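Data block below; observations after.
The values are calculated or read from the model by the stated rules, or taken from the named source; none is laboratory data. Computed from a predicted structure; not experimentally measured. Because the Cβ atoms are built from the backbone with ideal geometry, glycine has one as well, and the counts that use them run over all protein chains shown. Remember, those area values only see protein heavy atoms, side chains included, never the ligands or the DNA or RNA. Shrake-Rupley method; radii C 1.70, N 1.55, O 1.52, S 1.80 Å.
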Amino acid sequence: MKDEKDRMISSTQIMESARLEFNDPRLFRDLLGQHDQHLKILQQALEVKIRARGSSIEIEGDPLQMELAGQIIRQLYGLLEKGYPVFPSDVDYAIRILSGDSRAKLQDIFLDTIYISAHKRTITPKSIAQKAYIDAIRRYDIVFGIGPAGTGKTYLAMAMAVAELMKNNFVRIILTRPAVEAGEKLGFLPGDLAEKVNPYLRPLYDALHDMVDFDRARKLVERGTIEVAPLAFMRGRTLNDSFVILDEAQNTTPEQMKMFLTRLGYGSKAVITGDVTQIDLPAGKASGLKEAFRILKGVHGIRFVTFTEKDVARHHLVQEIITAYERDENQLGSRDLFEKK
């Protein structure tokens, strides 16, 4: 009986509460979100109770989770004080960032403006890895971004390229990717060469039009200031004063990757992105991206940045899907080993 009572006292002691006070009513409303949505996201993710009372927030729960919730709330309020508009997605990103590294500073990440898109949306990194990626692109002439879908590898590279073009730091942008069918046989495609390869390049056009309004993008493409082309078109060229992005690099062969990397001329920068878990090459064909990582990992002046499912910037379920598939692949490997026995 005494042991049970002691356990009850111990259980009560680990539940604590804290109060945070805020002095700006307008910023406080923005902090809470519409219908207190931001607080609800925090409650669900961290399993704490959060209540808004007047101009203060009360947090109750496990001490560690409560401390984390308080840190996130204070840092989000700091972003609002700097004029950064906090959206529900930002609360989700903040939870991921500070759950992984409690010493991280959201202002260092979220306030690093890369570009303001055609839709007047400010493009900034949303994770520690994305921030490292942006910093690497600024510092190095060749950067590899390797990680799962939805981590912003191509989108952020595109934003950096457009921003640098607008500053006249480069003469042109070249966007390229290998024309490899993603598990489907597309058959004969009608039309001229451009019409045949355009389906493969559509994702690059989509990202471009999110950065620059359609008419301006069309004029830049017509003038050759922005070129979107399949990787095969790079052979034999020397790319000077260009910001070059190679997307879907996991679907290059080692020969294609070497060809691409040796196209880089004076005053140019290259960003190579890919996901080594989604290789669409024929069975037995080595991935140029994997080979490049093995061969170039220690080369001075080349930077590799690796993303994980924690950096996914799409719908929150995408992160769960990636984690589930990775878990299943690991279990399948164990089952195969067991079955062979």
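Got a sec? What order do Ser17, Ser127, Ser89 fall in by accessible area at 1.4 Å, biggest, i.e. largest, first? Present the calculation step by step, with values, prior to reporting the outcome.
Values: Ser17 85, Ser127 10, Ser89 55 Å².
Final ranking, largest accessible area leading: Ser17, Ser89, Ser127.
Rounded to the nearest 5, what % of the DSSP beta bridges within the chain are antiparallel ones? It would help to have the intermediate numbers written out before the result.
Numbers: 13 of 38 bridges.
Here the antiparallel bridges make up roughly 35 percent for the chain.
Using mean Cβ contacts within 10 Å as the protection proxy, how do 274-283, 254-263 order, highest first?
Working: 274-283: 15.2, 254-263: 17.4.
So the order, starting with the most tightly packed, is 254-263, 274-283.
Show me the ranking of peptides 235-248, 34-47 by mean Cβ neighbours inside 10 Å, starting with the highest.
Details: 235-248: 19.3, 34-47: 16.6.
In descending order of packing, they fall as 235-248, 34-47.
Below 12 Å, Cα to Cα, which aspartates and glutamates can Lys131 reach? Residues fewer than 8 away in the same chain don't count.
Of all the aspartates and glutamates, those that pass the test against Lys131 - Cα under 12 Å, at least 8 places apart if same chain - are Asp108, Asp112, Asp311.
Taking θ as phi - 60°, what are the ³J(HN,Hα) couplings along the range 105-118 by the Karplus curve (6.51, -1.76, 1.60), each to the nearest whole Hz, with x for Gly and Pro?
10, 4, 4, 5, 8, 5, 8, 7, 5, 8, 6, 9, 6, 4
Ignoring ligands, DNA and RNA, what percent of the accessible area of the range 5-128 is carbon or sulfur (1.4 Å)?
On the way: 3510 of 7120 Å².
Within the range 5-128, the accessible surface is 49 percent carbon and sulfur.
If the only charges are +1 at each Lys and Arg Cβ and -1 at each Asp and Glu Cβ, what is the size of the charge dipole of the chain around the Cα centre, to the nearest 20 debye?
Values: 48 positive and 47 negative charges, 175 e Å.
Here the chain has a charge dipole of around 840 debye.
Please work out the average accessible area per residue across the chain, using the 1.4 Å probe convention, and give it in Å². Walk me through the intermediate numbers first.
Details: 19190 Å² over 341 residues.
Ligands and nucleic acids excluded, the figure is 56 Å² per residue.
Heavy-atom accessible area of Tyr205 with all protein chains present, probe 1.4 Å, nearest 10 Å²?
Approximately 40 Å² of Tyr205 is accessible to the 1.4 Å probe.
Would the range 32-85 count as rounded, prolate or oblate if I go by the C-alpha gyration tensor, calling it rounded below 1.5 in a/c and otherwise prolate when a/b exceeds b/c, oblate otherwise? Spell out each step's value before the answer.
Working: a/c = 1.76, a/b = 1.44, b/c = 1.22.
Prolate is the answer for the range 32-85, as a/c is 1.5 or above and a/b outweighs b/c.
Where does the charge balance sit around Ser127 when Lys and Arg score +1, Asp and Glu -1, over other residues with C-beta under 9 Å from its C-beta? Walk me through the numbers on the way to the answer.
Numbers: positive: Arg96, Lys126, Lys131, Lys310; negative: Asp311.
Every neighbour counted, the sum reads +3.
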